[in-house]
Structures are given as C-alpha cells and as structure tokens.
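The values are calculated or read from the model by the stated rules, or taken from the named source; none is laboratory data. Given the structure is predicted, the values throughout are model-derived calculations rather than measurements. Cβ placement follows ideal geometry from the backbone for every residue including glycine, while neighbour counts extend to all protein chains displayed.
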Amino acid sequence: MTAGRAGRALRRPIRVGVIASVLTGVLLLLCCTGGTAAFFLSGLGGDAENGDALAGWGCGPVHPVDIVGELPRFAEYGDAQVRNAAIIIKVGQDMGVPSRGWVIALATAMQESALRNLANTGVPASLALPHEGVGADHDSLGLFQQRPGWGSVAERMTPAYTARKFYEKLVKVRSWQRRPLTVVAQQVQVSAYPDAYAKHEELASKIVDALAGGAARTVEINGKAVCDAAERGQIAASGWTAPISGDVGSGFQTADRPSHNGVDIGAGKGTEIRAAAAGRVLVARCDPDKRGRRSCDVDGYPGKGGCGWFVDILHAGGYITRYCHMVVRPRVTPDQIVPAGEVIGQVGSSGNSSGPHLHFEVHLRNDRSSRGATDPIPFMRARGAPLRAAE
C-alpha cells in the first residue's frame, strides 16, 4: 500500500524554461500521489502510412531501412526530411552502431538542421550542390551542420558521409549508451546550445520505431537487438529501463484506489532500484507522514501517509519518475545527474506501506495534480522497458 497524500506546498504550476540545465524544463515534486509536470509532445501525423501508427506497432526483428522506397509520413517533416532520417539510420545499421545511436543521431540532426541538408550563404560552393535549404551559421553545412574540420564542402553536403562522421565520433564518447542524450550529443557537436537536443528525443525514438521495426524498443544483449527486455540495468534504445524486476500488484488509479497515481511492484527489501532513464535528481529525501513526522528509517504501515524515503527524477522531454518507500536514505542527492540504470536506492517499506515494494510513478504535461499522472505500464512498454514479473 502506498502513501495517500502529497505536499500542498508543491501544488502550484511550474514555469517552464526558468532553469537552464542539461535537461529541458524544471519541476519539483513530493510524495506518492501528488501530480507532476512535463511538456506536451508533438503528435505524429500524415496520411498514407502514418508514422505514429507505425511507431505504435509491435516490436519485431529489426529490419534494414529502405532509403529508396515509400516511407511513412510525419506531420513535423516532409518526405525529403524523412528520407534523410532513413539515411541516418541506415548508415548506423551499416556501421553496426546499436540502435540507441540512431536515436541520438536523429535527435541531433533534428536540432541542427530540422533534418534538412543545408547549404550556406557563407560557403558559395555549397550552393551549387544539391540542398534543401540555406543556412548562415558560420561555415557549417549539411544535416549535422559540420564545419571544415569534418570534411570538404562536397563531403559535408552528402548526408551519408555526415552521418558516418557523426557516428565515428559518437562511439568514442565514454558510456554513450547510458548517459543523457543531450550530454552525448554535445560532446560530439560542441554546440553553442547544448540543452536543445533533449527535446527531440521522444520524436526521434518514434521515427526509429517507424522506420526500423520498433528498434527504439530494443536493447543490445549478447550482440543482438532484443525487444522489450530493458531491465536489470539494460538500457533500451529509447533510453529507458525498468526500475526493478518484479510483479506489478496494485495498479494505476483503480476503482478502489482512485488516488493511487502509480503502480506497486513487489520486491524483497534491499532490492536495488535503478533510474528509469538518464536525468537530474529533483528530490531525494524523507517524506513527512500525515502527522508531519519524518520517520523513514522504520517500516511504515497502512494509513501512515507519505512516500517514506523517495526520489524524483526529471528526464529529457519533461518526464518525471518517482520512486517511493525506500528502506534507507537514497543513494543520490538533488541536482545530481544520473545515467539510465544507475542504482538510486533500495526497496523498503517506509511511509504509507504495508510491505516491501517499489511505488513507481510517471507524470506528464506540467501538471502536479493527479491529472498529470499517467499509467506507467503502457508508458514503459512503449519504450521497450515493460514492468513485469521477474523470470
């Protein structure tokens, strides 16, 4: 059983964009059943084969991307831009780069050029080559806005070449598959606006799913891409992993518990809890119970109130995850940047709890009330990190 109250002091709306950090936006949260905040994400659209519909299909064997045939359509991008996305993914496949790299590469090109092969008014030779727009950022060219050190004018105006150069540098970044996308992209690009990449991660994952058979839902295990298996520290290409393995018990906002804004996952006391995605720690402390006591170092009981020892993490795209009822003080501190899969604490029964378990929440849309909460089960499954029973 999980805490049934939220700190009233944190109910006010959150203003987006007031803190510049490696992640987009800033939010503060409390307790198990309080709402949280995030940003609206653009939906995918288009007629013919709709990209959003394809991205929602099941995950199967990752298939080679066809850069010549008909491609799905997305409301955000035209046919040429989607084809450039296909080229970026195809180059990553040909190089043997894991699918997490395709997501990072797409998000980077989305920020740098909106997936357009850009010429430059300051580089006249580029204007004579095939291009899909004209920029004027120093002497930068192409999908990734690469400068002369990356290659000749003709090379930087060739999408496949620029994608290859990006991947060659990407795979040299330490722990690139676990670290925040915006941090990894910045190490490759050295951009003047390092925080900007994160906002494209969600759509980049959906495009990868649509073009490559659900590849953003896969994780690399023994050199193979396996669908819906991101747990025990394995990270899906989407950047997400299950916080623990265990049976999902009490569900999200059920008829008998309408204020239960997450799910309870059973696990033994002391089981390690992992960050579901890379992010910045917002809160890591003991939540007061109904009587205002901060007594988290002992097991709680039903009706006590509060999350006990708990952690809130802000992720790219404005998502927030919450982890309640830890057995001892969390292993992380506020403002700490944690990679996906990092151990942040241990399962316990502190706060409003009837036994050891993890209460896990996901929140959206810059809304701290219960209206901001979303069911973690479909949310995590869509990212290749389903909440399920341990095998």
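Things worth noting here:
- Every residue from segment 135-163 that is at pLDDT 95 or above and either under 14 Å from residue 114 (Cβ atoms) or not assigned by TED's automatic domain parsing to the domain that holds residue 124 (or both): 140, 142, 143, 144, 145, 159
- Selected residue (criterion: surrounded by the fewest Cβ atoms within 10 Å (Cβ to Cβ)) from residues of segment 292-330 that are touching a Phe, Trp or Tyr at 6+ places or on another chain (Cβ under 9 Å) and at positive phi: 317
- Restricting 344, 337 to those that are within 30 Å of residue 303 (Cβ to Cβ) and not polar (S, T, N, Q) reduces the list to 344.
- Flag if residue 219 is touching a residue at least 24 places away in the same chain (Cβ under 8 Å), assigned to a strand (DSSP E or B), β-branched (Val, Ile, Thr) and not assigned by TED's automatic domain parsing to the domain that holds residue 359: yes
- Test: residue in segment 265-278 that is crowded, with 24+ Cβ neighbours inside 10 Å, touching a Leu at 6+ places or on another chain (Cβ under 7 Å) and not in a loop (DSSP other than H, G, I, E, B): yes
- Selection from segment 222-264 of residues that are assigned to a loop (DSSP other than H, G, I, E, B) and among the charged types (D, E, K, R): 228, 231, 232, 247, 256, 257
- Residue 144 being farther than 20 Å from residue 383 by Cα, aromatic (Phe, Trp, Tyr) and part of a loop (DSSP other than H, G, I, E, B): yes
- So residue 243, is it surrounded by 24 or more Cβ atoms within 10 Å (Cβ to Cβ) and at pLDDT below 90: no
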